[in-house]
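Derivation of every value follows stated rules applied to the coordinates shown; laboratory data play no part. The shown structure was predicted, so the numbers you read here are calculated from the model rather than taken from an experiment. Glycine also receives a Cβ, built like all others from the backbone with ideal geometry; neighbour counts cover every protein chain displayed.
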Amino acid sequence: MAKKPLLEFTDKGIYCARGSFYIDPWSPVDDAVITHAHSDHARAGSKRYLAHRDSEQVLRYRLGEIQLQTVGYGEKVMKNGVEISLYPAGHVIGSAQIRVCYQDEVWVVSGDYKMENDGISTPFEPVPCHHFISECTFGMPVYKWKPQVETFNEINSWWRHNAANELATVIVGYSLGKAQRILQNLDLSIGKVYTHGVIENTNEALRRNGIVLNETHRITVDTTKEEVRKGIIIAPPSAVGSPWMRRFNPYDFGYCSGWMSIRGAKRRRAADRGFVLSDHADWDGLISAIDATGCEKVYLTHGYTASFTRYLNEIGFDAHEVHTLYGGDELEEEAPPKSSPEGRTLNDSSIGTEVDNDDKEASPSGGGLEGAI
Amino acid sequence: MKAFAQLFLSLDETNKTNEKVRVLKEYFLSVPDTDKMHMLALFTGRKPKRQINATLVRTWAMEMAHIPVWLFEESYQVVGDLAETITLLLPKSTNSSNKTLTEWIAEINQLGAKTEEERKQWLISSWEMLDAQERFVFNKLLTGGFRIGVSQNLVVKALADISKLDSATITHRIMGNWSPEEYTFEQLMAEEGASDDISRPYPFFLAYPIQETSEKQKSPDELQLALGDAGEWQAEWKWDGIRAQMIKRDDKIFIWSRGEDLATEKFPELHPFLMALPNGTVLDGEILSFQNGLPMPFNVLQTRIGRKNLSKKILEESPVAVIAYDCLEYAGEDIRNKTQSERREILEQVQAETRHPEIFRISALIDFKSWDELSEIRGQSRSMIAEGIMLKRKSAAYQVGRRRGDWWKWKIDALSIDAVMIYAQKGHGRRADLYTDYTFAVWDGDKLVPFAKAYSGLTDEEIRKVDNFVKRNTLEKFGPVRTVKPQLVFEIGFEGINYSTRHKSGVALRFPRILRWRTDKPMEEADTLETLRALL
């Protein structure tokens, strides 16, 4: 009789029966190990959480009162004889791959990851394992990233050009991850950095966690459009097209996402500029990451799972497509902000409870839902 | 090519009209004249002839990118554009090149004489010396699918700004049959006549629609308010055929369709009357199928459009005639600046002299005293086999392009039906990777029978919602097509309906489009095949 696998896919999430815990569950459970704080991976309602220490404050900010144990990369936690340890995933600050080991059998859950060192997240490390559970958000060969320095050169020269032409610059990226990555790579000799409240709340949570970020200025009711004109405004996707954003007219707006590599995706968002910048691995990155684990089997959880699985099998991997709810809620990805009446919009952003659903980068393709059918 | 690629990128990077014009001017001022003409040709829809079969281009791209066919096809589904898919899949280039757009196009045009192996070598080495942005426009040139997100008006405006010619003149000079290899920038800019080509048509004047919905019709009072006294207007039936401009100059005739296609050979019935016109005559009108002196529905004409060879049978089954409604040139003189009434008089005189009144007809004027009366008359459109009424201001000149103010089309209600979406497919271009092309069905007893495909008419936000619904409610996948759980109801509008033996439903619709998403209607209340057939 075949023995029960160490990790299995259940309707609540990835489950370890022997250790009695879940990884990134989408329903409330007793013990949840969290890869990172994005809303499709870290959900409220579980009794106890285990996560990387750099994600502590963001998790508390997003999930409220939770019972949370934190660890550093490489530290071991034992649960019912099962060894759990976290390794850097390079996705966002505090993101981790979860290594689960029992009697010489090793499983690794990637969460979301990218290969490039973005300068603020601890860079991805391949973790040797027998079974690798991987994302594949951008698992199509049309997705290939340039080094981020090239993209940031484009972003900085665009900002410089706008500043010289009396245009405000609005750059859009998810509030956890992309926003800080942008912030840390801007050329601050051009001007000041202003932030939407949702982003600034995340920045503050990270700073409470001891992360050092460049100086930012929260946009409040008192912020004037003259003041921001030479600066750059970092805004979440939910702000696109909102009265909050229109207030800064005239402005040029740029969207940062891996989806921007396709013209059609850029045109749909009617962005002035689309910058290809992703916190996920591209096609070559995914394949090299999977290869580097030396795994016997790989399971693909979200993204272009069907095509990517087929391709991996053709080039000699033992790959399996699994159905999960990662990859986020497609409808919210580009949804206009909740219709907020003109006037209360500026201080809206400073209300701490409004958390955007970020990392919907994992969605327009059909992502995890593709599999859920 | 670098400048052209940059132009394309810069146009892509802005949604602002002024910025687009600025970018276009910058391009015109920085490239050689031959490049300007090639760019103009491309931006006005004069695609170069395809020299390599697209299947070969695909095959060689797959070889170079080392990916299997199925993965290439799936990538294409994601990207929604062949040239772009190839660009994204090819490995990074190893070389660079400073060839101009003119030089590249010349190379492409010489491919015809090469063997397949030579073409392949040429293509691979070309790809190797172009960066991503250049490859994209290069692939567009090669696969012949050149479409740009910038209107011809903007290109003309940029040219007008740098040349001090007015827009109407430039629009006229870039009409018709010309090739960038022969037509020079100097000729385009020349003051008078020197470059004049006898086949060149005038830009068409297009009417603006009077906006109405099925719930809200325009009242005579509203018309009075918007258009002034009925006496200032000329009214005609709006004919449902092919808009055409017919030219007789230097004993030669030319028939142009609105898409600037030279269609002279498609309508041999019209040649005798055109040949008999005095030289220096240009008419504007509608080509329709006629039988026993009556216009026939558009679908009769449709059977002969697109045919390479017009068989005797086709000519007998759907003979055509012209209903002329304007005269743009008379006795070799451009009379577009005369008033509508003056031009009408000339047209009537030209038509009165024809010995082919069965073929060269004239669009009768509708006699009406008030908007009230005209509204009444409009109700007879369908029995006249017309789409509604055209309103033309008696004092107006013949203008360029679609302009608000002096020509209006006042169509009768489109037909419509409530239908259930049952299949969905991904769109292209701006709609790539989104489910935007839908197939609709109506009830036949307890079964849903597909009867139409449509893909326009929804807002971006609605498209996102429907796309999301499709992804969550797919029952089966057949290649790119998904069978969707029947649930969503849409109102489908169309221009006409005919019997069809090719469709399961037994009917074929003309210009089906989505009018609105009936979120208020459960699918059980969608229309039936019976209702649809009753419209035949």
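Worth pointing out:
- Straightening the chain between B:K409 and B:Y499 buys 29.6 nm, computed as 0.36 nm per residue apart minus the Cα-Cα spacing.
- Other protein chain Cβ atoms within 10 Å, averaged over every residue that makes up A:258-269: 6
- The translational diffusion coefficient of the stretch B:1-137, from Stokes-Einstein at 37 °C and 0.692 mPa s with a Kirkwood hydrodynamic radius over alpha carbon pairs, comes to 203 µm²/s.
- Per residue of B:76-82, other chain Cβ atoms within 10 Å of the residue Cβ number 4 on average.
- Considering only chain A, percent of DSSP beta bridges that pair antiparallel, nearest 5: 35 percent
- Residues with amide H under 5 Å from that of A:V106, placed H, sequence gap 5 or more: A:H130, A:H131
- For B:M275, net neighbour charge (Lys/Arg +1, Asp/Glu -1) across residues whose Cβ lies under 15 Å away: -1
- Rg [Å, one decimal], Dmax [Å, integer] - the stretch B:329-418, C-alpha atoms: 15.8, 53
- Here, P(r) means the percent of Cα pairs in each 5 Å bin from 0 to the largest distance; for the stretch B:106-229 it is 2, 7, 11, 12, 11, 11, 11, 11, 8, 5, 3, 2, 2, 1, 0.
- Distance cut-off 13 Å, percentage of C-alpha pairs in the stretch A:120-190 lying past it: 77 percent
- Of A:K114/B:K2; B:K16/B:K164; B:K49/B:K308; B:K16/B:K477; B:K447/B:K521; A:K146/A:K192, those spanning more than 28 Å from alpha-carbon to alpha-carbon: A:K114/B:K2; B:K16/B:K477
- R0 of 56 Å, Cβ-Cβ distance B:S125-A:E226: FRET efficiency to nearest 0.05: 0.55
- Share of Cα-Cα pairs in the stretch B:205-411 lying beyond 31 Å, as whole percent: 20 percent
- Taking θ as phi - 60° and the Karplus parameters 6.51, -1.76 and 1.60, the scalar couplings of the stretch B:24-37 work out to 5, 5, 4, 5, 4, 7, 10, 10, x, 4, 5, 5, 4, 5 Hz in sequence order, x denoting glycine and proline.
- Were the residues from B:F478 through B:L262 laid out at 0.36 nm apart, the gain over their Cα-Cα distance would be 73.8 nm.
- Karplus-derived HN-Hα couplings along the stretch A:116-128 (A = 6.51, B = -1.76, C = 1.60, θ = phi - 60°), whole Hz, x at Gly and Pro: 6, 6, 8, x, 10, 8, 4, x, 3, 10, x, 10, x
- Point-to-point label distance, B:D161-B:Q217, nm (Cα→Cβ direction, 7 Å offset): 4.6 nm
- Listed values for the stretch B:254-267 are Karplus-derived 3J(HN,Hα) couplings in whole Hz (6.51 cos²θ - 1.76 cosθ + 1.60, θ = phi - 60°), namely 9, 10, 10, 8, 5, x, 6, 9, 7, 10, 3, 6, 6, 10, and x replaces Gly and Pro.
- A:W107 sits among other residues whose Cβ lies under 13 Å from its own Cβ, and their net charge, with Lys and Arg +1 and Asp and Glu -1, is -1.
- Residues whose amide H comes within less than 5 Å of that of A:L50, counting only those at least five positions distant or on another chain, are A:A32, A:V33, A:I34, A:Q69 (H built at 1.01 Å from N in the peptide plane).
- Taken along the Cα-to-beta-carbon direction at a fixed 7 Å, the label points for A:K297 and A:K3 span 1.3 nm.
- Nonlocal amide H pairs with B:E329, under 5 Å, H built at 1.01 Å: B:V282, B:I335
- Calculated P(r) of chain B - Cα pairs past 42 Å, %: 31 percent
- B:E524/B:K16 FRET efficiency (R0 35 Å; Cβ-Cβ; nearest 0.05): 0.15
- Ratio Rg/Rh [Cα only; Rh per Kirkwood] for the protein assembly as shown: 1.01
- Set of the stretch A:158-177 residues, backbone N closer than 13 Å to the point 7 Å along the Cα-Cβ line of A:N214: A:158-160, A:171
- C-alpha center-to-center spacing [the stretch B:149-169, the stretch B:1-50] in angstrom: 12 Å
- When only alpha carbons of the stretch A:162-289 are considered, Rg and Dmax amount to 15.0, 49 Å.
- Distance in nm between pseudo-label sites at A:E125 and B:T59 (7 Å out along the Cβ direction from Cα): 5.0 nm
- Considering chain A, its Cα convex hull presents a mean projected area of 18.0 nm².
- Contact order relative to length of the stretch B:272-394, as percent, for alpha carbon pairs under 8 angstrom and 6 or more apart: 27 percent
- Remark: the B:D33-B:Q291 segment gains 87.8 nm on full extension, using 0.36 nm per residue and subtracting the alpha carbon distance.
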